[in-house]
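Engineer: The structure's right below; bear with me while I get my questions together.
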Amino acid sequence: MIVCKWYAVCPLRRHERQGKIDMRWSKQYCKSSGGWMRCRRYKLETQGVAHPDNMLPDGSIDETLA
Ligand code: SF4
């Protein structure tokens with residue numbers, strides 16, 4: 001399976017381990033062939049633009065995430 005190159009270090013893994021986010025994010029973006037190209041986090045990382053750990057792949061902010 002081809003996954004996003006930042007899969008292992010992405011804060012979403014921590015949120016998943018803590019059961020705070022649905023696995024659909026990973027399926028639709030992180031583990032989706034080319035899906036990460038649509039990810040807001042991926043784009044910002046590529047551009048070297050800082051972004052918060054509680055930003056989801058669609059660019060929305062989940063205030064419940066630490
Ligand atoms: S959230 Fe985005 S940057 Fe993080 S692993 Fe998934 S696709 Fe990559």
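The values are calculated or read from the model by the stated rules, or taken from the named source; none is laboratory data. This is a predicted model, so every value here is computed, not measured. FYI the Cβ positions are ideal-geometry reconstructions off the backbone, even for glycines, and counts take in every protein chain you see.
Engineer: Answer yes or no: is there a residue in the stretch 33-40 that is within 12 Å of the ligand (Cβ to nearest atom), assigned to a loop (DSSP other than H, G, I, E, B), more than 10 Å from the chain's Cα centre (by Cα) and aliphatic (A, V, I, L, M).
Structural biologist: No, every residue in the stretch 33-40 fails to be within 12 Å of the ligand (Cβ to nearest atom), assigned to a loop (DSSP other than H, G, I, E, B), more than 10 Å from the chain's Cα centre (by Cα) and aliphatic (A, V, I, L, M).
Engineer: Name the single residue, out of those in the stretch 1-49 being in contact (Cβ under 8 Å) with a residue 24 or more places away in the chain and of a type in the set (S, T, N, Q), that is surrounded by the most Cβ atoms within 10 Å (Cβ to Cβ).
Structural biologist: Out of the qualifying residues, it is Gln28.
Engineer: Assess whether Asp58 counts as being more than 10 Å from the ligand (Cβ to nearest atom), of a type in the set (Asp, Glu) and at pLDDT 95 or above.
Structural biologist: No, not satisfied.
Engineer: Ok, one more. How many of the residues in the stretch 11-53 are under 16 Å from Ala66 (Cβ atoms) and out of contact with any His (no Cβ under 6 Å at 6 or more places or on another chain)?
Structural biologist: 13
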